[in-house]
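Here the structure comes first, spelled out in structure tokens, and everything after it is commentary.
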Amino acid sequence: MDEGIPCEIADPVSFQSERMEHAVSSLYNNIIKKTPSVFGAIYKLGDFYSSKKLPSPVYWANAQYADTLKSYILENGFDAVVCTHLYGMEAMTAIRQDANFKIPCYGVLTDYICIPFIDETHLDGYFVPNDDTRKELIHKGIAPDKVFNTGIPVNKAFSDHIDQVSARTKLGIPQDKKVFLIMTGGIGCENMLGLCDELLRSMRSDGMVYILVGKNDILKKKMDEKYCNNHQLQTVAFTKQVPIYMAASDVLLSKPGGLSSTEAAVANIPMVHVHAIPGCETYNARFFSENGLSLYAHDNTEAVTFANLLAYDRTESDRIRAMQRKLIPQKAAISIIKEMNRS
């Protein structure tokens with residue numbers, strides 16, 4: 001880390017068992033890729049439980065591995081624990097039932113709304129993306145002096161702001177093209193195929209599409225076969241050069257994940273949100289669009305219209321870039337570290 005602080009990243013569910021970690025990950029990925037509406041139903045159920053103050057099955061499930069996680073924290077001498085997912089926050093809440101456990105623990109909210117069950121967690125501090133989320137968390141019962149508006153932390157590479165010419169040179173992208181970047185998420189959501197079809201139908205001769213398929217090798221193979229004769233579309237397998245692809249592009253089309261949207265805003269790329277999964281993603285898309293940080297498309301046709309607008313209308317794309325610079329913190333991670341050092 002730039003701050004010189006050693007850290008370790010771990011999936012909290014792995015402390016239950018490797019088998020459980022794999023099962024949870026596979027279930028989540030399959031729901032997102034194949035039946036995103038199911039995720040929306042689960043989210044609504046969580047809202048219902050949370051609003052009625054009913055005993056949480058999420059807390060119970062994550063409390064099961066709390067003793068194992070506590071032992072690991074103590075044995076390795078960690079000075080603090082930072083959780084970026086509800087599962088870890090629930091597990092740490094269970095651990096903190098032990099009055100002798102004194103290691104501070106913090107939660108980082110990575111969506112632009114408070115998720116269900118967050119109010120049943122008990123941590124030393126919470127880092128949130130904006131004032132609205134801070135007020136919402138306080139309304140749910142979290143003490144005001146424990147909630148800090150820092151923004152969502154992203155990798156420093158997204159704020160390096162390499163210029164477009166240099167980025168395209170690094171990636172071998174032609175300098176004379178309008179570049180449309182499509183991100184399908186880390187797991188490669190297959191509903192982006194229809195979007196590609198729609199975009200290519202409207203594509204001008206100077207347009208080029210790069211689609212990041214994440215770790216979905218099956219999707220990449222399917223797209224390579226389908227578009228093998230189309231020189232205006234290029235698939236990209238899982239890559240760590242996402243910030244450079246953003247810098248090289250004129251417009252981004254992406255699902256409205258909280259973290260990925262923040263990365264794009266910090267990278268300062270005009271953005272179209274599409275294919276929001278019901279729940280957090282619809283709230284994220286609404287927040288971004290209502291604050292002029294992106295355009296929110298409700299179907300592929302609208303997404304293509306918006307993408308062409310941002311690619312070819314400098315006034316509109318500059319407006320979005322300006323709002324991103326104004327409203328999205330560039331150095332949230334540094335702010336979080338400073339708040340942790342104060343406490």
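Between the Cα long axis of helix 192-202 and the first principal axis of the chain there is an angle of about 30°, rounded to the nearest 10. Fully extending the segment from Ser71 to Lys338, taken as 0.36 nm per residue of separation minus the present Cα-Cα distance, adds 93.4 nm.
Which of Gly107, Leu212, Gly257 sits closest to the plus end of the dipole of the chain, meaning its Cα is farthest towards the positive end, when Lys and Arg get +1 and Asp and Glu get -1 on the C-beta? After comparing all options, I get Leu212. log10 I(q)/I(0), Debye, Cα-only the stretch 210-321, no solvent, q = 0.13, 0.17, 0.21 Å⁻¹? Values returned for q = 0.13, 0.17, 0.21 Å⁻¹ are -0.50, -0.87, -1.25. Can you tell me the 0 to 90 degree angle between the C-alpha axis of helix 300-312 and the longest principal axis of the chain, rounded to 10? Taking the Cα atoms of the chain, the angle to 300-312 is about 70 degrees. Roughly how many whole Å is it from the C-alpha centroid of the stretch 127-181 to that of the stretch 231-257? After rounding, the separation between the Cα centres reads 16 Å.
Pairs from the list Lys156/Lys240; Lys140/Lys338; Lys215/Lys255; Lys170/Lys240; Lys102/Lys146; Lys70/Lys102 with a Cα-Cα gap above 21 Å: Lys140/Lys338.
One-quarter of the Cα convex hull surface for the stretch 184-261, in nm²? List each step's numbers first, then the result.
Numbers: hull surface 20.6 nm².
That works out to 5.2 nm², a quarter of the Cα hull's surface.
Going by average Cβ density within 10 Å per residue, which order do the peptides 260-273, 280-293 take, highest to lowest? Could you put the intermediate results ahead of the total?
Working: 260-273: 26.1, 280-293: 20.6.
Ranked from most to least packed, the peptides come out as 260-273, 280-293.
Could you state the per residue volume, in Å³, of the convex hull enclosing the Cα atoms of the chain?
On the way: hull volume 47.6 nm³, N = 343.
Expressed per residue, the convex hull around the Cα atoms of the chain is 139 Å³.
Note down the Stokes-Einstein diffusion coefficient of the stretch 99-143 in µm²/s, whole number, using a Kirkwood radius over alpha carbon pairs, 20 °C, and 1.002 mPa s. Result for D is 192 µm²/s. Seen against the Cα atoms of the chain and their longest principal axis, helix 280-290 is set at about 60 degrees.
Quickly rank 331-341, 97-107 as a protection proxy: mean count of other C-beta atoms within 10 Å, highest first. Don't skip to the end; give the middle numbers.
Working: 331-341: 16.9, 97-107: 14.1.
Highest to lowest by the protection proxy: 331-341, 97-107.
Taking amide H as placed 1.01 Å from N in the peptide plane, Gln234 has its amide H under 5 Å from the amide H of Val209, Tyr210, Ile211, each at least 5 places away in sequence or on another chain. Packing, as the average of other Cβ atoms within 10 Å across residues, places the peptides 172-180, 59-67, 139-147 in the order 59-67, 172-180, 139-147, highest first. In the chain, the DSSP-assigned H stretches of four residues or longer account for a calculated mean residue ellipticity at 222 nm of -14500 deg cm²/dmol, using -39500 (n - 2.57) per stretch and the full residue count as denominator.
Dipole magnitude for the stretch 253-343: computed about the Cα centre from +1 point charges on Lys and Arg Cβ and -1 point charges on Asp and Glu Cβ, it is near 500 debye.
Rule-based calculations on the coordinates, nothing more; no lab input. The structure displayed is predicted, hence computed values, not measured ones. Positions of Cβ are generated from backbone atoms using ideal geometry, with glycine treated the same way; all protein chains shown enter the neighbour counts.
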